[in-house]
Ligand code: 9MR
């Protein structure tokens, strides 16, 4: 996608001209006012990743493998970010340059660097009309459909257990007011190509969250309405989709929409997570800084907006470097936009630091409610709630354990799985039993909870876990 294509896609918004500008100015003034009024947080992170983690989120960046030998770049990367996305190295042309001959060398450099530095990895992107290898560009029909599904299966299997979330399908909807699919060789294989890709990805890596990712969907418009309808349909029919990525490439022609937060929220209301996947905002100084703060604050206001990725580190690393859209200047100095981003992160309510699952397992999602400031009703002991992410034949259960008024030094959660269901793996807890009656105990780092504090653990299983009721006891 080019800058021009984003601009073309936003012409309708640009046409609303002066009125929009006035509204934006008013919103900008409000943001500045809010920033001044921010009370210092009890827990202010000093880096983007640390601050996001204190709020149960990640803060990531796109990474280019050929920059991993640049020490200015890697110093910032490993200091500031706790998630990375391969900017180009996991795309179809990079990973399968000849049919059925896979090359993971550059993608592996990014994954290995991330794992060595405790960063999670977003996978980008399995199926996309762009950046296809030449052999695929020339295919059509059943041969292309099968080649695409094979690609999804092979790549997701190769990285199984190492990817927090995959952009399974990228940019499949058309710009403009039509609200339809983008024409492409993949689309011409049949309208069900997207769900087929999601099903193949789930089968290959059941632990990764599966996202649909697109641009010009950041506010409510014909394109985001069409994506919304697809997600609603997928959820209704049990097509495995866990998250929607909003690329959020902004500039004067494509400003941060006024209904950005409302648009993210309506997707969350469909039962998926939202992630800001490719954030960059052209500009400079206070205006750019305020726009970054608006985006970060919108995400933090939504409990299931689980993370933000900026599309590069320094302005000079950007795909549109002339627009200076990033948080660090070409020398690696922090810009005003960096400071406003960190301040906005630090102004969000801290949550219980998320317990980190083994690499590659689904990350713990932020709680849907903030930790209570007073112990919850129910007295001493502990309570447990479950959130299920199910698909045909399998599920991931996330269990939230909350300490009662006496706190805990250890806890155990018991539940009974329906007949036919079985636990296949567990993170942030130790399981006894795998079917029928199963008990989970805390691990060394999450047994001690103060009154009212929470922690999360999870397990993946086969079959269905619908209706399970966890009960918590202190130990
Ligand atoms: O930043 C990427 C740039 O280096 C590539 O040349 C370009 C090729 O299409 O892709 C850029 O990343 C895109 C991302 O993969 C999907 N969303 C739009 C991004 C910016 O164009």
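Of all residues in region 193-243, those satisfying the criterion of being touching a strand residue (DSSP E or B) at 6+ places or on another chain (Cβ under 7 Å) and under 23 Å from residue 282 (Cα atoms) are 213, 214, 215, 217, 218, 223. Meeting the requirement of 1 or more residues that are loosely packed, with under 15 Cβ neighbours inside 10 Å, the helices (runs of 4 or more DSSP H) wholly within region 70-178 are 71-80, 105-116, 134-137, 141-158.
Here's the yes/no breakdown for (1) over 12 Å from residue 85 (Cα atoms); (2) within 14 Å of the ligand (Cβ to nearest atom):
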{"position": "110", "(1), (2)": "no, yes"}
{"position": "113", "(1), (2)": "no, no"}
{"position": "120", "(1), (2)": "no, no"}
{"position": "124", "(1), (2)": "no, yes"}
{"position": "132", "(1), (2)": "yes, yes"}
{"position": "137", "(1), (2)": "yes, yes"}
{"position": "143", "(1), (2)": "yes, no"}
{"position": "146", "(1), (2)": "yes, no"}
{"position": "166", "(1), (2)": "no, yes"}
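Looking only at region 168-184, filter to residues that are within 16 Å of the ligand (Cβ to nearest atom) and in contact with a helix residue (DSSP H, G or I) (Cβ under 8 Å, 6 or more places away or on another chain); which one of those is nearest to residue 221 (Cα to Cα)? Filtering first and then ranking leaves 175. State whether one or more residues within region 288-298 are over 13 Å from residue 261 (Cα atoms), in contact (Cβ under 8 Å) with a residue 40 or more places away in the chain, within 14 Å of the ligand (Cβ to nearest atom) and crowded, with 22+ Cβ neighbours inside 10 Å. There is no residue in region 288-298 that is over 13 Å from residue 261 (Cα atoms), in contact (Cβ under 8 Å) with a residue 40 or more places away in the chain, within 14 Å of the ligand (Cβ to nearest atom) and crowded, with 22+ Cβ neighbours inside 10 Å. Within region 179-200, the set of residues being surrounded by fewer than 24 Cβ atoms within 10 Å (Cβ to Cβ) and assigned to a loop (DSSP other than H, G, I, E, B) comprises 179, 180, 182, 183, 184, 185, 190, 191, 192. Taken over region 97-108, the criterion of being away from the ligand (no atom under 16 Å from the Cβ) and over 23 Å from the mean Cα position of the chain (by Cα) is satisfied by 98, 99, 100, 101, 102, 103, 105. When region 299-317 is filtered for residues that are in contact (Cβ under 8 Å) with a residue 60 or more places away in the chain and within 16 Å of the ligand (Cβ to nearest atom), the ones remaining, listed by number, are 308, 309, 310, 311, 312, 313, 314, 317.
For region 67-80, does any single residue satisfy the condition of being under 17 Å from residue 319 (Cβ atoms) and within 14 Å of the ligand (Cβ to nearest atom)? Among the residues of region 67-80, at least one is under 17 Å from residue 319 (Cβ atoms) and within 14 Å of the ligand (Cβ to nearest atom), which makes the answer yes. The residues of region 429-462 that are within 28 Å of the chain's Cα centre (by Cα), surrounded by 18 or more Cβ atoms within 10 Å (Cβ to Cβ) and closer than 26 Å to residue 205 by Cβ, listed by number, are 429, 440, 446, 455, 456, 457, 458, 459, 460, 461.
Does residue 86 fit the bill of being within 23 Å of the chain's Cα centre (by Cα), within 16 Å of the ligand (Cβ to nearest atom) and within 23 Å of residue 315 (Cα to Cα)? Against the criterion (within 23 Å of the chain's Cα centre (by Cα), within 16 Å of the ligand (Cβ to nearest atom) and within 23 Å of residue 315 (Cα to Cα)), residue 86 qualifies. May I ask you to list the residues in region 43-60 that are farther than 11 Å from residue 300 by Cα and assigned to a helix (DSSP H, G or I)? The answer is 48, 49, 50, 51, 53, 54. Of all residues in region 318-339, those satisfying the criterion of being within 13 Å of the ligand (Cβ to nearest atom) and surrounded by fewer than 23 Cβ atoms within 10 Å (Cβ to Cβ) are 318, 319, 320, 321, 323.
Read-outs throughout are calculated quantities, based only on the coordinates presented, and are distinct from any laboratory measurement. In this text, all values refer to a predicted model and were calculated from it rather than measured experimentally. When we count neighbours, we look across all protein chains shown, and the Cβ atoms used for this are built from the backbone with ideal geometry, even at glycine.
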